[in-house]
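One structure is given below, encoded as structure tokens.
The values are calculated or read from the model by the stated rules, or taken from the named source; none is laboratory data. A quick note: this is a predicted structure, and the numbers were derived from the prediction, not measured. Positions of Cβ are backbone-derived with ideal geometry, glycine not excepted, and every protein chain shown enters the neighbour counts.
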Amino acid sequence: MQTENLSPQSRREWFFAALEKLSRRPYLLLAAACITAAFAIDVTAMSNTFLQVFSITGFAVLTAILCFTKKSKLTDRRVAFILISAGFLLRLVYILYTTVETRQHDVWFFSGKIGHAGYIRYIYDNLKLPDTNPMYTWQYYHAPLHHILAAAWMRLNTALGLSFERACENVQILTMFYSSACMIITYRILNFFKFKGLAFIIPLAIVCFHPTFVIMGGCINNDILSVMFMFGAVWTALKWYEKPTLVRIIPVALCIGLAMMAKTSGVLVAPAVAFIFLIKFVKDIQNYKKYLLQFAVFGIICVPIGMWWSVYNYIKWDMPFGYVAELSKAEKQYIPQYSAFERFFSFNENQFSNIFQYGNEKIGYYEYNIFVTLFKTSVFGESSLFDTNAMETAANFLGYTLCVCLFYVNIILALVSFVGAIVLIWKKKYLYDSTVTCFFVILWTVVMAFFFKFCLEYPFTCSMDFRYIVPTLLVGVVFLGKLLEVVEEKREKAFYRVMQSSICVLSVLFCIMSLEMFFLLG
């Protein structure tokens with residue numbers, strides 16, 4: 001369409017019509033943005049970082065202004081586009097100033113032969129999986145989907161003329177894509193429940209700006225890919241439950257299988273999915289042949305994709321199913337001296353004297369309380385984001401102050417969501433229906449139960465990281481959306497108006513402080 005002869009009003013309408021069409025293909029739009037960032041921005045050229053950040057944030061502000069100045073009503077869909085765009089840009093800015101050696105988990109170096117980086121490098125160099133016992137090479141026991149994709153992506157980068165160093169840094173483009181896709185999947189799940197207004201916007205905003213997704217978007221291990229497929233399994237399972245057809249069960253099988261092929265803990269979404277399969281089968285038992293066919297197809301797709309790596313290693317290397325490499329008991333973060341009761345309910349002054357207090361060799365303290373560590377790692381990972389030994393600098397002082405506020409606001413929001421979910425279930429205010437509500441409860445319970453078991457069986461500080469239970473965040477925001485929907489229906493009462501306002505203020509503060517924390521960090 002020619003736009004040269006259009007009036008300013010018509011051009012603005014054309015722009016928004018084009019924007020609406022683009023937003024209907026969010027994954028393609030996201031992929032295009034990631035590919036553009038990978039080849040247009042040299043993340044190894046640190047001297048250009050300020051200009052890059054300035055340009056990107058300027059574009060974000062411009063996009064927001066254009067959206068807000070449109071004469072027609074600002075719909076939930078347009079707000080979602082702004083939020084997801086801002087969330088993507090936050091992730092992009094973060095990886096611009098974060099190298100593949102910064103705030104990583106079990107990655108090591110691309111020049112080495114261990115860790116996730118060594119795993120990726122081996123596949124990149126040899127175009128095959130490592131032919132070595134995965135129990136004796138650090139991190140090689142992990143399922144290889146992420147490592148294969150990362151190696152292939154690096155090969156494409158270098159084939160198109162980028163340096164090997166830049167190809168290594170561009171692995172973060174992949175993890176940023178996975179993290180950003182979680183925003184889109186959350187958007188679709190919230191739409192499934194037909195949440196409107198604040199019940200839709202607040203949960204989506206929390207996912208868009210949550211520090212966990214920003215940090216994981218810059219981590220080049222396999223966590224975020226598995227999380228993305230687990231989110232996808234929830235979404236596709238809901239769509240199948242709505243209309244149980246053979247075509248709709250195939251994406252469910254693919255998502256669960258690929259989640260396991262990225263990380264074996266992806267199987268934790270399966271019990272919840274199996275529950276809604278069973279309920280649907282029992283309720284429509286007269287059509288049992290249809291369901292048996294669908295379940296057979298599901299198994300044929302899901303089981304081989306999800307289990308081949310474990311079976312292969314069991315046969316070839318005698319590696320046990322569900323194997324996890326245990327750290328040396330000589331590690332200072334080994335904490336067997338604390339009882340199970342202390343791990344859950346014991347507190348001391350060290351835990352809150354420094355909100356980044358994850359492990360401190362100088363004072364000989366390592367976190368042992370599971371809940372405290374969860375809340376800390378959910379917003380800061382395993383890092384001290386600001387140098388508390390140099391608090392005389394304005395950036396460190398402001399950054400640390402923001403982090404303190406963010407830490408406690410996060411705790412309050414989590415408690416509101418948890419208590420709200422219990423009240424909603426007690427009052428029979430269900431998500432879609434009682435089966436779907438149970439689906440989310442089972443998902444949360446299974447993930448948390450296996451996490452607690454993992455923490456107690458492997459008594460190390462690093463075992464208590466929030467990155468192991470990220471799917472519970474999805475459960476939390478969905479119930480928060482339902483709570484806001486119920487509260488909106490009762491706004492005529494002062495108590496509910498105060499509750500709604502309080503949740504909104506806390507959520508807005510959470511998002512703004514997260515955004516500012518990462519900008520100050522860079």
Taking region 67-76 and keeping residues charged (D, E, K, R) and either at pLDDT 80 or above or buried (at least 20 other Cβ atoms within 10 Å of the Cβ) (or both) leaves 76
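Yes/no matrix, rows are residues, columns are (1) farther than 24 Å from residue 328 by Cα; (2) in contact with a Cys (Cβ under 8 Å, 6 or more places away or on another chain); (3) of a type in the set (Ser, Thr, Tyr):
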position: 103; (1), (2), (3): no, yes, no
position: 129; (1), (2), (3): yes, no, no
position: 134; (1), (2), (3): no, no, no
position: 145; (1), (2), (3): yes, no, no
position: 150; (1), (2), (3): yes, no, no
position: 155; (1), (2), (3): yes, no, no
Considering region 465-521, residues that are among the small types (Gly, Ala, Ser) and surrounded by 14 or more Cβ atoms within 10 Å (Cβ to Cβ), and then whichever is farthest from residue 83 (Cα to Cα), we arrive at 476
Only unsatisfied item for residue 167, checking (1) more than 30 Å from residue 110 (Cβ to Cβ); (2) buried (at least 20 other Cβ atoms within 10 Å of the Cβ); (3) free of Cβ contacts under 8 Å to residues at least 24 places away in the same chain, is (1)
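Filter region 277-291 for residues that are part of a helix (DSSP H, G or I) and more than 33 Å from the chain's Cα centre (by Cα); which is surrounded by the most Cβ atoms within 10 Å (Cβ to Cβ)?
290
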Those helices (runs of 4 or more DSSP H) completely within region 106-189 that have 2 or more residues that are of a type in the set (A, V, I, L, M) and within 29 Å of residue 310 (Cβ to Cβ) are 115-126, 145-159
Flagged in region 419-447 as surrounded by fewer than 16 Cβ atoms within 10 Å (Cβ to Cβ) and assigned to a helix (DSSP H, G or I), in numbering order, are 419, 422, 423, 426, 434, 445
Taking region 239-263 and keeping residues outside any helix (DSSP H, G or I) and surrounded by fewer than 18 Cβ atoms within 10 Å (Cβ to Cβ) leaves 243, 245
**Prompt:** Is there a residue being over 30 Å from residue 382 (Cα atoms) and hydroxyl-bearing (Ser, Thr, Tyr) anywhere in region 347-368?
**Reply:** no
Within region 128-151, of all residues that are without any contact (Cβ under 8 Å) to a residue 12 or more places away in the chain and of a type outside the set (Lys, Arg), the one nearest to residue 37 (Cα to Cα) is 130
Given the conditions (1) farther than 25 Å from residue 102 by Cβ; (2) in contact with a Ser or Thr (Cβ under 6 Å, 6 or more places away or on another chain); (3) touching a residue at least 40 places away in the same chain (Cβ under 8 Å), every one holds for residue 321 apart from (3)
Here the residues within region 310-338 that are within 14 Å of residue 133 (Cα to Cα) and either in contact with a helix residue (DSSP H, G or I) (Cβ under 6 Å, 6 or more places away or on another chain) or not in a helix (DSSP H, G or I) (or both) are 318, 319, 320, 323, 324, 325
Just to be sure before I move on: is residue 491 out of contact with any Cys (no Cβ under 6 Å at 6 or more places or on another chain) and outside any helix (DSSP H, G or I) in the structure I sent? yes
Given the conditions (1) in contact (Cβ under 8 Å) with a residue 40 or more places away in the chain; (2) surrounded by fewer than 16 Cβ atoms within 10 Å (Cβ to Cβ), every one holds for residue 457 apart from (1)
When restricted to 79, 107, the only residue surrounded by fewer than 19 Cβ atoms within 10 Å (Cβ to Cβ), among the aliphatic types (A, V, I, L, M), modelled with pLDDT of 85 or more and over 18 Å from residue 518 (Cα atoms) is 79
